[in-house]
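Here is the structure we will look at.
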Amino acid sequence: MYNNTLKNWSDSSYLSKNNQSYIEQIYKDFLKNPDSVDSSWIKIFKQLFIEKKYEHKFFDNLTNNTYVQLENNTTPNESYIENDTYYSNITYIQITQLISYFRTYGHQHSTLDPLKLWNHKSKNHLLNLKNYNFSSKNVHKKFDMNLFGINKESMTLSEIYQFLKKTYCDSIGIEYMHILDINIMLWIQNNFESTAGIFNFNSDEKKQFLKEIIAAEGIERYLGIKFPGVKRFSLEGGDALIPMLKEVIRYSVCHHNIKEIFLGMAHRGRLNVLINILGKNPQDLFNEFSDKHQTTFGSGDVKYHQGFYSDITVNKQTVHLSLLCNPSHLEIVSPVVMGCARARIDQLLKKSTYDNNKKEHNTVLPISIHGDAAISAQGIVQETFNMSKADAYDVGGTIHIIINNQVGFTTSNIHDIRSTQYCTDIAKMIQAPIFHVNADNVDAVIYVTRIALNFRNTFKRDVVIDLVCYRRHGHNEADEPSVTQPLMYKKIRNHPTLLNIYSNILNKNGILNINDTSNIINAYREKLDKKCCILQKWQPIHIRNSLHTNNLNNNNKTTLYSNKMDSQYLKKLAYRINDIPSSITMHSRVEKIYHERIEMALGNRLFDWGAAEILAYATLLDQGISIRLSGEDAGRGTFFHRHAVIYDQNNGAKFIPLAYFNKKSDEKGSFYVWDSVLSEESTLAFEYGYASLSNNMLVIWEAQFGDFSNGAQIVIDQFISSSEQKWGQLCGLVMLLPHGYEGQGPEHSSSRIERFLQLCAEYNIHICVPSTPDQLYHILCQQATYTVKKPLIIISPKSLLRHPMVTTSLENLVHGSFKTVFNEIDDNIIPHQTNHIIMCTGKIYYDLLNQRRKNKQYNIAIIRIEQLYPFPAENTRTILDSYSNAKHFTWCQEEPKNQGAWNYIQHYLHSIIPSHITLNYVGRPDSAAPAVGFFSVHQQQQKKIIDDALNLN
């Protein structure tokens, strides 16, 4: 009965922790003078004192484990408290306070720093037993720990205090009291308090840990001797990362049925991980150090940026390991890791009988390794954390490991590198638990690793391990770190290595002697000398260098796409995807759009842009090719044109026609459409990772406006445009970038075509500017079925989405194909009578066409370039050859002269047009900004461009 009453109280809104301070003050007033508080409170407090067995639980629920410290002279009225009940209750409250404070603040006093440089200037008095002034009656009394939510035998005050210090203030610092989910809090609390810092690894396990420490130190020392002064970004000081990652693989495979692990990390310790975790042959690494390694594709990259992919056998189970390629833009790989992981999750779920929401069947584990300076400083980290539980990006939790060597490049002063106590505080935004651990305590590191893996498996959420270590050398091996960190490096020079520390512990405990350790060291060194794979227990089944090795350097894009389908098939398909069930109540504007699309399917109306795009997806889905479309407003479309998602106006439910029309067939493709988080960099990096690993799938990322892609420039520069040349990494990602000058200002006009064109070389990407719906239809179908994957940049329209001239017939969709360049379409233009050729791309074509028709200038031909890269030189030359009498050639564009395609395309056009004829430029003059901010000025500029182009003689 009392429990029910207690629950009713604690569940009451006025007893929530939001009112904590207020209730605590009432309670203090009650203790001083019960008559000073309302009678209802007197009744509650009186009953709680009488039922002292349950009293602490009420306050635990009420104040979330935080209690008011009672004043020494606070004594309640004796008429309400009999005998020693009051003093006993005070003791229980104080003990509960003490436990709560250790759970909340214990990490601040943990021995985390191997160098002991951390100075706890503000010692928290709440963790000092003397400050509680416990009654002498209760000092030697044993207390039932179950009353405090701790599954332990009865303890004295001294034993309780030592238990709390061992649990919360030893080599592990635990931050979890910021988490609102009480189930997560209790899970973490129970897992750590049940062991109280006692790890109980057996002798065989400890021997294995030592072997892995020997491997971590061994490769670094070997490289340091063999290649002195050469950059390798040593792991020394953070050697515990190797046994930690080994344990991640062992434990996750054996206990959580993990079959694939995706790992992202920057350069620190990367070579060590390649050799000791993924099984890269040391000979290959030594060749790279000796400049003997010859890449078979593109430019290649430095050795500490390269990825590696291997299948490893662990306890007779195979696990696929992927260390993803990563440039020097440290944290950018984190969302790529998530994208790769999500691609595999979606593929596996599609093959299984489970639906996409059942992440408990997840056999894929993503791991992100961060640097302490980078994780707290780089915005991509916040963006990636923000995505972690969003539906479009959820991977069932990522394990985050921080190699916290307490110094970035040359900066270690905490006031210079962040504004928070810990580098991991950023993770609190998603209420992730944070486990700080001293990297010199190997057993603690392994224990925390197992807890983190169990947490991730239980709650499907991110978890953070802060591996507090140090950096034995400078930022690279040629640096002299004592120049900027003299005190730190005095400590480091005299600090024993992890191998010395752990081997001494095993020697002291009689597990291994010095000779045993020396034999293991020599055996590892011998393997390196023989230049063979050093993996011992886990012999790799297969090792490969790249995720996709087929068709590298094959730029002849043989396509599987066939447009040989009859009109009836496409008509029926168009009808099926636009025939919305009557049970769905559409918005009137959306209903009109779908009614028009039905008319298009019936042949009564020409297809517009949105209808052709949706039909392209349906065509691919019906052929068994899946689609993933994401962007900030991808479902509806920024410009109210797509409506791939319909919202029922009565209940708000989503209806996705493309996911509905063939949902009963396992042989058809799956359609995923996601409105993304309000970000460009992390989301584009995620989609790059997804597209690089997805199979039989078209992956599309749409910018809200093309201009916004500049927020993801790192992804474009370091991955999309160059990953094949640097790493042999293929990717078929499509980027839709709305572009066009309609007077909407500098940030809503240009997708910065010039930047993409500057990145074009070695057939690395395709850049297209389709100007008709059928062109979009064919390029999407073509992209999805290419045998060689290349990124496709589509400069997509805005105002043309509903332009009356931008339509296409069903016949063009059925029998047409993507054209890289369009010849003049007006029958009134006679080629041999044409003396002026205007070449252009995109929206301005229709402005030129309309004005030319008004002017009846039939001696001017307008040529549309639909593919900017690779430039269709032969097709363009063939078209221009038919205008043998042309004396004027003009390139016309909307963008300023220093932007757009001009600087790129003029070189190609000069090589095609007759050498004695000048190529003219018509467009906006050079400008620092992409466009003007006033509509009236825009109109004047646009009119001048069109008039100048048509009147140039």
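A few remarks follow.
- FRET efficiency for Tyr569 and Asn695, using Cβ-Cβ distance with R0 set to 25 Å, rounded to 0.05: 0.45
- Ordering of 190-196, 179-185 by packing [mean C-beta count within 10 Å, highest first]: 190-196, 179-185
- Packing-based ranking of 810-816, 890-896, 106-112 yields 890-896, 106-112, 810-816, ordered from highest to lowest mean Cβ neighbour count within 10 Å.
- Vicinal HN-Hα couplings computed from phi for the stretch 706-722 (Karplus, 6.51 cos²θ - 1.76 cosθ + 1.60; Hz; Gly/Pro x): x, 4, 5, 5, 5, x, 10, 4, 4, 5, 5, 6, 8, 10, 5, 8, 10
- Protection-proxy order for peptides 576-587, 683-694, 216-227, each taking the mean of Cβ atoms within 10 Å per residue, highest first: 683-694, 216-227, 576-587
- Distant-in-sequence amide contacts of Ile625, defined by a placed amide H-H separation under 5 Å and a gap of 5 or more residues or a different chain, comprise Gly669.
- Inter-part distance, the stretch 363-383 to the stretch 193-211, computed on C-alpha centroids, equals 28 Å.
- Estimated 222 nm signal from helices in the chain, with DSSP H stretches of n ≥ 4 weighted -39500 (n - 2.57), rounded to 500: -12000 deg cm²/dmol
- Using 0.36 nm per residue and subtracting the Cα-Cα separation, the extra length available between Ser290 and Glu874 on full extension is 205.8 nm.
- Over all other residues within a Cβ to Cβ distance under 15 Å of Ser290, the charged ones net out to +3, with Lys and Arg as +1 and Asp and Glu as -1.
- Rg of the Cα atoms in the chain, relative to 2.2 N^0.38 Å, amounts to 1.13.
- Computing Rg and the Kirkwood Rh from the Cα coordinates of the stretch 203-543 gives a ratio, Rg/Rh, of 0.95.
- Placed amide H near Ile863: partners under 5 Å, 5+ positions off or other chain: Ile838, Met839, Cys840
- Separation between Cα centres of the stretch 613-645 and the stretch 713-739, rounded to whole Å: 21
- Restricting attention to the chain, close to 30% of DSSP beta bridges with both partner residues there are antiparallel.
- Local electrostatic count at Leu621 - Lys and Arg +1, Asp and Glu -1, tallied over other residues with Cβ under 12 Å: +2
- Computed over neighbours whose Cβ is under 11 Å from that of Phe102, the net charge equals +2, Lys and Arg +1, Asp and Glu -1.
Readers should treat all values here as calculations from the given coordinates under stated rules, not as data from a laboratory. Keep in mind that what you see is a predicted model, and the values were worked out from it rather than measured. Reconstructed Cβ throughout: ideal geometry from the backbone, glycine too, with neighbour counts over all protein chains shown.
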